[in-house]
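The next block holds one structure in the form of structure tokens; read it before the comments.
The values are calculated or read from the model by the stated rules, or taken from the named source; none is laboratory data. None of the values given here were measured: they were computed from a predicted structure. Positions of Cβ are generated from backbone atoms using ideal geometry, with glycine treated the same way; all protein chains shown enter the neighbour counts. Side chains included, ligands, DNA and RNA excluded: accessible areas come from the protein's heavy atoms. Shrake-Rupley method; radii C 1.70, N 1.55, O 1.52, S 1.80 Å.
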Amino acid sequence: MKQQIAVRGIHVRGRHGANPGERDVPQPFDLDVVLDADVTESMTSDELADTLNYAALHADVVRIVQTTSYQLLERLGNDILDALMADARVHRAQVTIGKPKLLAGATPSVTMTRER
């Protein structure tokens, strides 16, 4: 049985962007992560080891955004998807990355999905 686990509203600063100056100082990014995973065992065991650890997922995403620097959100998203798919229980991962209020108050975003 597959369950969906989501961590939404991840707010983190990073150095990503293709325009001059965008990578000079950290800027805000908003991310949502949605995973389809088989964590059926956790439904009866009540053990953290049998599910996906939300805190660890959050920490991985934050670490990647803060420690890498890319021109494109697509490249950043690929790195995040690599990390999310490292757990064999994850069948499908989706990440949405937004750059809040970048375009005259509008928030451009990229949504990427990977499946096994």
For segment 9-54, what are the residues that are modelled with pLDDT under 95, among the acidic types (Asp, Glu) and within 21 Å of ASP82 (Cβ to Cβ)? ASP38
Tell me yes or no: at least one residue of segment 36-48 is within 17 Å of THR107 (Cβ to Cβ), out of contact with any Pro (no Cβ under 8 Å at 6 or more places or on another chain) and not basic (Lys, Arg). no
Filter segment 74-116 for residues that are of a type in the set (Val, Ile, Thr), modelled with pLDDT under 95 and either in a helix (DSSP H, G or I) or open to solvent by less than 60 Å² (accessible area, probe 1.4 Å) (or both) and give the result. none
List every residue pair whose Cβ atoms sit under 6 Å apart, with the two residues 6 or more apart in sequence or on different chains, where the first one lies in segment 47-62 and is more than 19 Å from ASP32 (Cα to Cα) and without any contact (Cβ under 8 Å) to a residue 12 or more places away in the chain and the second, anywhere, is open to solvent by 30 Å² or more (accessible area, probe 1.4 Å) and assigned to a helix (DSSP H, G or I). none
Test: ASP60 is part of a helix (DSSP H, G or I), of a type in the set (Asp, Glu) and either farther than 19 Å from GLN4 by Cβ or at pLDDT 95 or above (or both): yes
Suppose we filter ASP36, ASP50, ASP60, ASP24 for residues that are open to solvent by 80 Å² or more (accessible area, probe 1.4 Å) and out of contact with any Gly (no Cβ under 6 Å at 6 or more places or on another chain); which single one remains? ASP24
